Every structure is written in C-alpha cells, then in structure tokens.
Amino acid sequence: MKKVDVIIERGKDGSYSAYMDEHNLNYDLLGDGETVDMAISDFMNSYDEMKQYYKESGKEFKEVDFDFKYDLSSFLQHYSDVLTLAGLSRLTGVNRGQFSHYVTGHRRPSPKTVDKIDKKLHDFAHELSNLRFI
C-alpha cells in the first residue's frame, strides 16, 4: 500500500493542522484541532468519510497508509513541555538561540540543520528504547 506524507503544522492561533503532501490521489484531506491528537483524529475521520463517499458513489478509492511528519517549529512547540531548548541544544549541538527562533517562526532551519536535528533525536530515541532499569 502506498505511503503518503501528512504534514502536521501549528498555526499562529495555536491550533494544529494535518494535511496531505501528495497530489497524485483523486482526493485531498485536511484535519485540524486544538491539539496534535485532535488534528490527526479529524484527519483520519476525513479519510473514513471520503472512503465512504467514494463507496456510496461507486467510485474507486485509492487506500493509502499515512506517515505523519512535523515541521520543526510545530514539533518544538508541541513537545515544549517535555523537551527544553537547552536540552535540545545539548543533544543536537544546535545553538539554543537558533531553536528559539525556530519555535517562534522568526527563522527556518536549513535542510542540513533539520537533518542534523532529526538524526540526533532519532539516535536519542533509539538509545532510550534500549534502556532497561533495575
């Protein structure tokens, strides 16, 4: 089954949107809500409704799997109560001030910086997933 990227972004009003980054399907979907979970739930509800509409209309529906992805600013805002900018700076080597600019949307990180942050966070997640306590 085809994988389709769904971008999660935080709006200036603090709400979140989830939208498809795919233009080769015969439908388009959007979900929004006050939280990431609400936006994803709304998005998946839209998917189910679209599937039902196509079935009732006798049209072919292309089923897909979704890969939810954040833009960096939205990720930082969503996880700000768990991951501090100082901690992220230590973990990734990216200046804390730069992270602050990314959170506020005053600056956008370069693709190289996004890749660096992505790699360091995934390495850290892998390390945590292998932890065992006694």
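The values are calculated or read from the model by the stated rules, or taken from the named source; none is laboratory data. These figures come from a predicted structure and were not determined experimentally. Don't worry about glycine lacking a Cβ; one is built from the backbone with ideal geometry, like all the others, and counts go over all protein chains shown. Ligands, DNA and RNA are stripped out before the accessible areas are found, and what is left, the full protein with its side chains, is counted by its heavy atoms. Shrake-Rupley method; radii C 1.70, N 1.55, O 1.52, S 1.80 Å.
Among the numbered conditions (1) of a type in the set (A, V, I, L, M, F, W, C); (2) within 20 Å of GLN77 (Cβ to Cβ); (3) part of a strand (DSSP E or B), the only one that VAL4 does not meet is (2). For the range 17-54, filtered to residues that are of a type in the set (Ser, Thr, Tyr) and assigned to a helix (DSSP H, G or I), the residue that is most open to solvent (accessible area, probe 1.4 Å) is TYR53.
ALA86 satisfies every condition listed in (1) touching a strand residue (DSSP E or B) at 6+ places or on another chain (Cβ under 6 Å); (2) without any contact (Cβ under 8 Å) to a residue 40 or more places away in the chain except (1).
Here TYR70 fulfils each of the conditions (1) over 25 Å from LEU128 (Cβ atoms); (2) in contact (Cβ under 8 Å) with a residue 60 or more places away in the chain apart from (1). For the range 55-76, the count of residues that are exposed (fewer than 10 other Cβ atoms within 10 Å of the Cβ) and touching a Phe, Trp or Tyr at 6+ places or on another chain (Cβ under 8 Å) is nonzero. Checking the stated criteria, SER80 turns out to be over 20 Å from LYS3 (Cβ atoms), free of Cβ contacts under 8 Å to residues at least 60 places away in the same chain and surrounded by fewer than 16 Cβ atoms within 10 Å (Cβ to Cβ). Selection of the range 99-113 for residues being in contact with a helix residue (DSSP H, G or I) (Cβ under 9 Å, 6 or more places away or on another chain), surrounded by fewer than 15 Cβ atoms within 10 Å (Cβ to Cβ) and outside any loop (DSSP other than H, G, I, E, B) yields SER100, THR104.
Cβ-Cβ contacts under 6 Å between residues 6 or more apart (or on different chains), taken from a first residue in the range 40-65 that is under 25 Å from TYR16 (Cβ atoms) to a second residue that is hydroxyl-bearing (Ser, Thr, Tyr), are listed as MET50/TYR27.
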